[in-house]
1. Taking the Cα-to-Cβ direction at Met1 and at Asp99 and moving 7 Å from each Cα, how far apart do the two end points lie in nm?
2. Beta carbons within 10 angstrom, averaged per residue: use that to sort the peptides 97-105, 83-91, highest first.
3. Tell me which residues come under 5 Å, amide H to amide H, from Val96 once H is placed; ignore anything under 5 positions away on its chain.
4. Using amide H atoms built in the peptide plane, which far-off residues or other-chain residues are under 5 Å from Arg70 H to H?
5. So how much slack lies between Asp16 and Val37, counting 0.36 nm per residue of separation and subtracting their Cα-Cα distance, in nm?
Amino acid sequence: MQTELDTCWVKYSGIDPIAYLGKYAGRAPVLHLKDFVGQKTDQPPYGLLGLPPLKTAIDKPDGAIPFAYRPLGHGCQDVPALWKAAQDAGVMYVIVEQDNSPDGDPLGDAGKSMETLRKMRG
């Protein structure tokens, strides 16, 4: 049995995606590298669930930072460590994914994600 790991949802759930990759080394041929900001709350973060997006921490009575996707390297993920863990775990394909663009510039965000990958390559 194999898995196709999505780093965003693994980390958001409270599990370290780097450790998770290590645990399933050799069984995760495809990896979705996805970055985000925000803190886990009791509310579903995913816009497809029909919830209106929260724009700022002020919108949340508890002051938590609302969930939002970010270009790779512009959120809370340790991208270089994830990249190394993917190599160590035998990942064959990496998909850089961002479900939506909070600033409304999906091509610009794709460029930022590519720049993050270029910097890691040296």
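The numbers here are math on the coordinates, done by the rules we state, and not lab data. Keep in mind that this is a model prediction, so the values were computed, not measured. As a convention, Cβ positions derive from the backbone with ideal geometry for all residues, glycine included, and neighbour counts pool all protein chains shown.
1. Inter-label distance under the simple model: 2.4 nm.
2. On the way: 97-105: 13.7, 83-91: 17.2.
With the highest mean Cβ count within 10 Å placed first, the list reads 83-91, 97-105.
3. Answer set, sorted by chain and number: Leu33.
4. Distant-sequence amide H within range of Arg70: Asp35, Phe36, Val37.
5. On the way: separation 21, 0.36 × 21 = 7.56 nm, distance 1.50 nm.
Fully extending the segment from Asp16 to Val37 adds 6.1 nm.
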